[in-house]
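Heads up: the structure comes next, in structure tokens.
Derivation of every value follows stated rules applied to the coordinates shown; laboratory data play no part. All values reported here derive from a predicted model rather than from experimental measurement. Neighbour counts are summed over all protein chains in view; Cβ atoms, including those assigned to glycine, are modelled from backbone coordinates with ideal geometry.
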Amino acid sequence: MTLTSTRTRTYVFPRGFTGYRPNPPEEYRAQGAANAPDEPQYEGVIFSDGTVCIRWLTEYRSHSVWASWDDFYKIHGHPEYGTEITFADGGDPPR
């Protein structure tokens, strides 16, 4: 277990999170590449060195590993899909 402090909060690593996409393109659901809007699309973890690993929960289950939160979010953040990411510890995403 690793503790990292920010100005307002101390986080325990690894940090778990869940990603939801309420508005992906409709064909994604038909293809099995997206779950229903109220179901998570992926679960993930941020390790103490900043590495991010996600596990897709869609029909085509897989893992992907990213060097940082920024790298992960640039590819999978998708504001146009209404992406919402919640952290198990109730905290905010890394900055």
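Some notes on this structure:
- Scope the range 71-95; condition over 15 Å from Tyr11 (Cβ atoms) and free of Cβ contacts under 8 Å to residues at least 12 places away in the same chain; matching residues: Lys74, Ile75, Gly77, Pro79
- When restricted to residues that are aliphatic (A, V, I, L, M) and buried (at least 17 other Cβ atoms within 10 Å of the Cβ), the range 33-84 contains 4.
- For Arg21, the requirement of being buried (at least 16 other Cβ atoms within 10 Å of the Cβ), touching a residue at least 60 places away in the same chain (Cβ under 8 Å) and closer than 16 Å to Arg95 by Cα is not met.
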